[in-house]
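Peer 1: Dropping a structure here in structure tokens format, bear with me for questions.
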Amino acid sequence: MVNDVGCEPAYMSSSLISHPSEHSQIDIMEIVIDKKQIQLGMNPSTASGRLVKDILYRFIVDTGNNNCYKCGMMMCRDTFSIEHKTPWLDSDDPLGLYFDLENISFSHGVCNTKAGRKPSKYATEKDRKAAKSLNTQNWKVRNNITRTPQQRNEEYKRRKARQENIMLM
Ligand SMILES: [Zn+2]
């Protein structure tokens, strides 16, 4: 899948997956991370995230999109958030809606969170927890998730390490 500027969407790109084959490569990577962390005074992925947000906010202002999609008031660098106009969570097509740029807008973090909170449809907290647990179980069955928490944790760590390597390239 290629978009209109001829790039593969990042989340589908196979180049995001690196396979360090030797330990020496990992050692070198650790030294580079260390040096960057020392010079930046923060975790390089934190710095990268902050920079991406700065750049994004500048584009939002430059394109006149700095009014909240929800309340219409002006937003600033520290109050804006990425808003999915149609909520992706628990939808029929979570992945599609999540990455659909036509579905993206910007709103105050507070307005965004408020909109996501629906009045409870359960009589008691116990009912709500039971329903949530059932939902989670059904979701796992639908998505064929059979790994143990430990396996998931290991995979999460591997994925995180890969992502940090990518951001430093
Ligand atoms: Zn707002």
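Peer 1: How large is log10 I(q)/I(0) at q = 0.10, 0.11, 0.19, 0.21 Å⁻¹ when the Debye formula is applied to the Cα atoms of the range 40-148, each weighted equally and without solvent?
Peer 2: Each listed q maps to, in turn, -0.46, -0.55, -1.07, -1.13.
Peer 1: In sequence order, what are the phi-derived ³J(HN,Hα) couplings for the range 87-103 according to the Karplus relation 6.51 cos²θ - 1.76 cosθ + 1.60 with θ = phi - 60°, rounded to whole Hz, with x for glycine and proline?
Peer 2: For the range 87-103, the Karplus curve yields x, 8, 5, 6, 8, 6, 9, x, 5, x, 5, 5, 9, 6, 5, 5, 8 Hz.
Peer 1: In debye, nearest 20, what is the charge dipole magnitude of the range 36-118 about its Cα centre with +1 on Lys and Arg Cβ and -1 on Asp and Glu Cβ, if you could check?
Peer 2: Approximately 420 debye in magnitude.
Peer 1: Label Q39 and D27 with points 7 Å out from Cα along Cα→Cβ: what is the distance between them in nm?
Peer 2: Going by the 7 Å Cα→Cβ label model, 2.2 nm.
Read-outs: derived from the displayed coordinates by stated rules, not from any lab. This structure is a prediction, so every number in the text was calculated from the model and none was measured. Here the Cβ is made from the backbone with ideal geometry for all residues, glycine too, and neighbour counts use every protein chain on show.
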